[in-house]
Structure formats: C-alpha cells, structure tokens
Amino acid sequence: PRDRALRLSLLAYLVRRGRWLLGTAADVVGFGLQMLALAYGPLILVQALLVSGLFFALPLGAARCGRRLGRTEWTGVAVLSAGLIALTAADPSSGRDPSARGWVAVALLTLVPAIGLNLRPGRAGGRAGRLRAAGATGLIYAATAVLTKVTVELLRHGIPAAATSWEHYALAASAAWGMVLNQRPFQAGPLA
C-alpha cells in the first residue's frame, strides 16, 4: 500500500507475504555469495558482475509482463553500460583497506548524495520520486559493497577483529537502509 511507503509498517506488512519472504531469503543467500566472492575477488570485478545481472532482469521482467522495453529502460541499459565501462577502465586497486580519506570519499560519493536525493521536495510516489529513491538505493548499495569487502577482510583476522571494528556496524546500517529504501521504487512502479 502506498500509505506505507518508507515506513517501518511496510516491513511489517511485507513480512506477512510469502513471496516477499522468499525473495528476501534469495537476497540473503545472494548476499552471502557476494561476501564469498569478495573474499576471493576484487571489489571491481564482483560488483560489475552483480550489476550486470540487470541486463538480464530487464528483458526477463518485460517478457513476464508481456511488454516491450521502452525508451526509459533502454536509457537505463545505456547508462549502466557506460558506468560499467568507466568502472573497469578506472582499474582501481583492490587489496588495501580504505584510509580515512578513502572513507570520506566513499561517504561523499555515495551516502551524501543518497541523503540529498531523499531530502528533495516533491511527490514521493511520482516518477521523479521513484527515480530519486532508486538512485539513492544504488548509491547506498555502492557504500554497502565497500563495507562488505572491508568486513570480509576483517573476518580473515578472526571474529574478534571484525567485532571491534566500526565497519560491520556501518554495513548492517547501510544494508538495512538500502533494503527499506529499495522497496519504494519497486512498490510504486515497474522495474526500470
């Protein structure tokens, strides 16, 4: 229901839906596999492979709904392609923990714009509101990916090392924030 968008009552409502629980269980398994992949592979490769799944989700979703991909969807595919090309061309290093300056960069490039997208006035259920929520979710998930990679690296030194770090708490918070925010665009409109 639209009146529950971005409210905790939305999660209470969704928890009583079997399909949503099944999807969430699949998401949790997927996150576990992402952590495993990040334990052995560079962040740039793992995230690029995960994001490229949208190339399959869009046409499959459109076919399931009996419709064709429109200009909006093709624009999304083009932007996603450009982002993946830019990401792989950047060839960032993958073996170091971010410095304090690196964490500031992560926050400035992901969390600050995500907050800004959510603070913009306007109708939350409208097209622009859905696009802002989807963009914010993507930015939050980018921060979550970095936090996941660091947490996996900390776990290599044992649970006590990871338990005393701030990164895994930030990971839990960003993952929860992303999950709640992610429901809004899916609730309000098509996958694109």
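Data overview
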{"item": "Candidate residues ILE115, ILE85, ILE140, ILE44: accessible-area rank, largest first, probe 1.4 Å", "result": "ILE85, ILE115, ILE44, ILE140"}
{"item": "Per-residue SASA entry for HIS157, accessible area with 1.4 Å probe, Å² rounded to 10", "result": "140 Å²"}
{"item": "Among GLY66, ALA48, LEU22 - extreme Cα towards positive end, dipole of the range 1-72, charges at beta-carbon", "result": "GLY66"}
{"item": "Burial order of peptide ranges 25-38, 170-183 (average beta-carbon count within 10 Å, highest first)", "result": "170-183, 25-38"}
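The values are calculated or read from the model by the stated rules, or taken from the named source; none is laboratory data. Model, not experiment: these values are computed from the prediction. Quick reminder, even Gly has a Cβ in these numbers, built from the backbone with ideal geometry, and neighbours come from all protein chains shown. Heads up: the accessible areas ignore ligands, DNA and RNA and are worked out on the full protein's heavy atoms, side chains in. Shrake-Rupley method; radii C 1.70, N 1.55, O 1.52, S 1.80 Å.
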